[in-house]
1. Could you list, in sequence order, the residues of region 33-43 that are buried (at least 16 other Cβ atoms within 10 Å of the Cβ) and either of a type in the set (Val, Ile, Thr) or over 24 Å from the mean Cα position of the chain (by Cα) (or both)?
2. I'm trying to understand the selection: among the residues of region 274-307, which are buried (at least 17 other Cβ atoms within 10 Å of the Cβ), assigned to a helix (DSSP H, G or I) and not hydrophobic (A, V, I, L, M, F, W, C)?
3. Looking for something farther than 28 Å from Gln300 by Cβ and at pLDDT below 95 - is there at least one such residue anywhere in region 85-92?
4. Any residue in region 224-234 that is under 15 Å from Tyr160 (Cα atoms), among the charged types (D, E, K, R) and touching a helix residue (DSSP H, G or I) at 6+ places or on another chain (Cβ under 8 Å)?
5. Can you name the condition, by its number, that Ser217 falls short on among (1) within 25 Å of Phe327 (Cα to Cα); (2) buried (at least 21 other Cβ atoms within 10 Å of the Cβ)?
6. I'd like to know if region 117-138 contains one or more residues that are surrounded by fewer than 20 Cβ atoms within 10 Å (Cβ to Cβ), on the phi > 0 side of the Ramachandran plot and either of a type in the set (Phe, Trp, Tyr) or touching a strand residue (DSSP E or B) at 6+ places or on another chain (Cβ under 6 Å) (or both).
7. Taking the conditions exactly as written (assigned to a helix (DSSP H, G or I) and surrounded by fewer than 17 Cβ atoms within 10 Å (Cβ to Cβ)), does Leu142 satisfy them or not?
8. Could you please tell me which pairs satisfy a Cβ distance under 6 Å, a separation of 6+ or placement on different chains, a first residue in region 266-285 that is under 18 Å from Pro200 (Cβ atoms) and without any contact (Cβ under 8 Å) to a residue 40 or more places away in the chain, and a second residue that is aliphatic (A, V, I, L, M) and surrounded by 15 or more Cβ atoms within 10 Å (Cβ to Cβ)?
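The values are calculated or read from the model by the stated rules, or taken from the named source; none is laboratory data. Source: prediction; values computed, not measured. Every residue, glycine as well, gets a Cβ built from its backbone with ideal geometry; the counts of neighbours run over all protein chains shown.
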Amino acid sequence: MNNTLTISSEHTTAESRGAVPAGIRDYITIARPDNWVKNIFMVPGILFALIVFAPQITLGLVYKVIIGLISTCLIASANYVINEYLDAEFDKFHPIKKARTSVVKVVNPLIVYLEWLLLAVVGLSLGYLISIPFMVVSAFLLFMGIMYNVRPIRTKERVYLDVLSESVNNPIRFVLGWFIVAPALSLHDLNPFSFFNALPSSSIIVAYWMGGAYLMSTKRFAEYRLIDNPELAGLYRKSFKYYTEHSLLISMFFYALTSAFFLGIFLVKNRVELLVSFPFFALLFSWHLRIGLLNDSPVQGSEKLYTRKWFMLYVVLFCILLTVLMFVDIPWLHQLLQDHYNLNNR
């Protein structure tokens with residue numbers, strides 16, 4: 001409540017300065033449909049489920065994929081709406097985000113909360129059409145948006161927890177992709193044990209989470225360097241009061257190593273063909289780090305990262321490679337690993 005009152009006061013001040021009231025287009029903008037591309041993180045979950053369950057590719061499955069993507073986009077937009085509104089009093093200290101709609105225009109809180117509610121209800125309702133587990137995970141994605149943005153928890157203000165709580169959205173998206181294809185559980189069969197047993201391998205969930213934490217900590221590093229003023233950075237994001245460039249670099253290194261470790265476990269246990277992609281994963285992380293170390297780095301936002309054409313081309317080619325390795329068997333690789341195993345067990 002205090003957060004809302006503080007932000008409402010800021011907007012009143014903006015209105016007294018002659019700021020323009022937000023229009024329909026502005027309320028659409030704060031839902032950030034341009035960020036829906038981030039839901040591409042669902043695709044590996046879909047592909048892995050296709051390998052595990054080998055369903056027939058039917059119009060019904062295509063329909064579920066489309067509905068699942070729309071549902072996730074709407075839930076993500078609900079999170080973006082409260083993110084931008086509740087961040088207004090802090091974004092004014094950011095050299096780029098100070099131009100956001102909630103900062104420069106007068107936003108009606110009632111409309112914002114109704115927009116959040118509408119996006120959440122429609123998103124969850126569409127999720128129910130996929131399956132109950134899909135809807136449950138969608139609700140968890142919505143819940144994490146509340147935890148990240150809303151006081152008194154507001155994890156984005158807590159050092160390290162800000163990165164971990166934001167990056168957990170990556171494995172959530174993976175699981176959503178998985179449940180689009182996975183056989184649906186009935187209400188009769190649904191219980192905590194059956195739900196957790198229906199989840200994909202824990203190793204890929206942790207690898208996905210830590211990979212997202214690496215990307216997010218790189219973004220934090222770039223933001224911290226852009227502001228280039230510890231006191232001002234602390235006003236923009238309270239966790240920046242405790243970060244330094246060194247601590248952020250060390251955390252990036254930790255997340256990258258942890259992601260690679262659990263990714264290796266997943267590849268060996270579930271799809272050995274994907275081991276071929278491992279050096280390309282390493283190059284992806286290294287290239288992203290190189291971009292993250294630039295002044296005014298593009299990793300601060302996906303809309304800026306798209307400007308790195310060679311990097312984005314590499315990402316596309318890398319995704320194609322992963323898709324091929326998901327479905328093409330490499331017998332000699334299986335034999336190589338089997339011979340190595342037999343040799344070590346003599």
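1. Val43
2. Ser277, His288, Gly292, Pro298, Gln300
3. Of all residues in region 85-92, those farther than 28 Å from Gln300 by Cβ come to none.
Taking every residue of region 85-92 in turn, none turns out to be farther than 28 Å from Gln300 by Cβ and at pLDDT below 95.
4. Let us first name the residues in region 224-234 that are under 15 Å from Tyr160 (Cα atoms), namely 224, 234.
If we keep only those that are among the charged types (D, E, K, R) as well, we get none.
No; the residues of region 224-234 include none that is under 15 Å from Tyr160 (Cα atoms), among the charged types (D, E, K, R) and touching a helix residue (DSSP H, G or I) at 6+ places or on another chain (Cβ under 8 Å).
5. (1)
6. Looking through region 117-138, none of the residues is surrounded by fewer than 20 Cβ atoms within 10 Å (Cβ to Cβ), on the phi > 0 side of the Ramachandran plot and either of a type in the set (Phe, Trp, Tyr) or touching a strand residue (DSSP E or B) at 6+ places or on another chain (Cβ under 6 Å) (or both).
7. On the way: assigned to a helix (DSSP H, G or I): yes; surrounded by fewer than 17 Cβ atoms within 10 Å (Cβ to Cβ): no.
No; evaluated as a whole, the condition is false for this residue.
8. Note: pairs meeting the criteria are Leu267/Leu274; Leu267/Leu275.
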